[in-house]
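Structure first, then comments.
The values are calculated or read from the model by the stated rules, or taken from the named source; none is laboratory data. Source: prediction; values computed, not measured. When we count neighbours, we look across all protein chains shown, and the Cβ atoms used for this are built from the backbone with ideal geometry, even at glycine.
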């Protein structure tokens, strides 16, 4: 289905998932999953624990291999490189180049505890993108201000609340200028007040034009943040629609039961 965009995105990439299957221990965690997310759209993935939401994110980012189907992000085929003689698995270098454009923010903050907030946001810019220190610092300051942490650049992660640490992780991802950014239950480890801080930041990002995929258990957030909502159950996509369709007029009885 075509998704309405609130703002055109010059750098944003579309995501196409075609009949993807992922097996863990003989169980199909993803079972023939197909999904199209236009460039610049914001997609919320909802479903019970174990439905395959986080696995789908990791497949899109190339962190997890999958057994069947294909995923393309922008013009890049995830996990493979097409050549005249046929497709071959991509190299670690090719995977790393791809992930420069496809950021992911996890439930765990994954910050360097011995580095300041500023250093946490500049490190990958310098090492991966090759930016000079002055440029990386300028970009870090801009994104830290955007997430409300302009006054904490010299702090260490241990001196921050969980919500502040998660906002640093978001600033770090944004500083890489991603074309796609994936969020995997980024508020689930936070108490309600801290989670609200992070949700405010993400709602602001949703108007920025970057393609976003958000895995969340928070139905109010899924309703308000995205252009479209995808409901997964036991590794299958059960229903896709606008927030109004999914939450107010679901077509599938299982969707109706879940959102209620």
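General remarks:
- Flag for residue 88 being free of Cβ contacts under 8 Å to residues at least 40 places away in the same chain, exposed (fewer than 13 other Cβ atoms within 10 Å of the Cβ) and not in a strand (DSSP E or B): no
- Taken together, 256, 196 contain a single residue that is outside any strand (DSSP E or B), at pLDDT 95 or above, surrounded by fewer than 18 Cβ atoms within 10 Å (Cβ to Cβ) and out of contact with any strand residue (DSSP E or B) (no Cβ under 8 Å at 6 or more places or on another chain), which is 256.
- Criterion: touching a strand residue (DSSP E or B) at 6+ places or on another chain (Cβ under 9 Å) and surrounded by fewer than 24 Cβ atoms within 10 Å (Cβ to Cβ) - qualifying residue of 212, 219: 219
- Among (1) in contact with a strand residue (DSSP E or B) (Cβ under 7 Å, 6 or more places away or on another chain); (2) more than 21 Å from residue 175 (Cα to Cα); (3) touching a residue at least 24 places away in the same chain (Cβ under 8 Å) - the single one residue 102 does not satisfy: (2)
- Matching residues, segment 199-223, being part of a helix (DSSP H, G or I) and closer than 21 Å to residue 148 by Cα: 199, 200, 201, 202, 203, 204, 205, 221
- Matching option when the condition is part of a helix (DSSP H, G or I) and out of contact with any helix residue (DSSP H, G or I) (no Cβ under 7 Å at 6 or more places or on another chain), among 251, 245, 166: 245
- Applying the criterion of being in contact (Cβ under 8 Å) with a residue 40 or more places away in the chain and farther than 21 Å from residue 19 by Cα to the residues of segment 224-241, the residue that is surrounded by the most Cβ atoms within 10 Å (Cβ to Cβ) is 226.
- Segment 101-114, residues that are outside any strand (DSSP E or B) and in contact with a helix residue (DSSP H, G or I) (Cβ under 6 Å, 6 or more places away or on another chain): 109, 111, 112, 113
- For segment 163-185, the criterion of being over 16 Å from residue 53 (Cα atoms), over 17 Å from the mean Cα position of the chain (by Cα) and surrounded by fewer than 18 Cβ atoms within 10 Å (Cβ to Cβ) is satisfied by no residue at all.
- Evaluating residue 188 against the criteria (1) under 25 Å from residue 56 (Cβ atoms); (2) touching a helix residue (DSSP H, G or I) at 6+ places or on another chain (Cβ under 7 Å); (3) exposed (fewer than 15 other Cβ atoms within 10 Å of the Cβ) leaves one unmet condition, (2).
- The condition of being outside any loop (DSSP other than H, G, I, E, B), surrounded by 15 or more Cβ atoms within 10 Å (Cβ to Cβ), over 15 Å from the mean Cα position of the chain (by Cα) and without any contact (Cβ under 8 Å) to a residue 24 or more places away in the chain holds for only one of 81, 137, that being 137.
- One residue alone among 126, 97 is at pLDDT 95 or above, surrounded by fewer than 19 Cβ atoms within 10 Å (Cβ to Cβ) and assigned to a helix (DSSP H, G or I), and that residue is 126.
- Matching entry among 64, 117 (being touching a helix residue (DSSP H, G or I) at 6+ places or on another chain (Cβ under 6 Å), within 23 Å of residue 167 (Cβ to Cβ), in contact (Cβ under 8 Å) with a residue 40 or more places away in the chain and surrounded by 12 or more Cβ atoms within 10 Å (Cβ to Cβ)): 117
- Odd one out for residue 50, checked against (1) more than 17 Å from the chain's Cα centre (by Cα); (2) buried (at least 16 other Cβ atoms within 10 Å of the Cβ): (2)
- Some residue of segment 50-59 being under 30 Å from residue 255 (Cα atoms) and modelled with pLDDT under 95: yes
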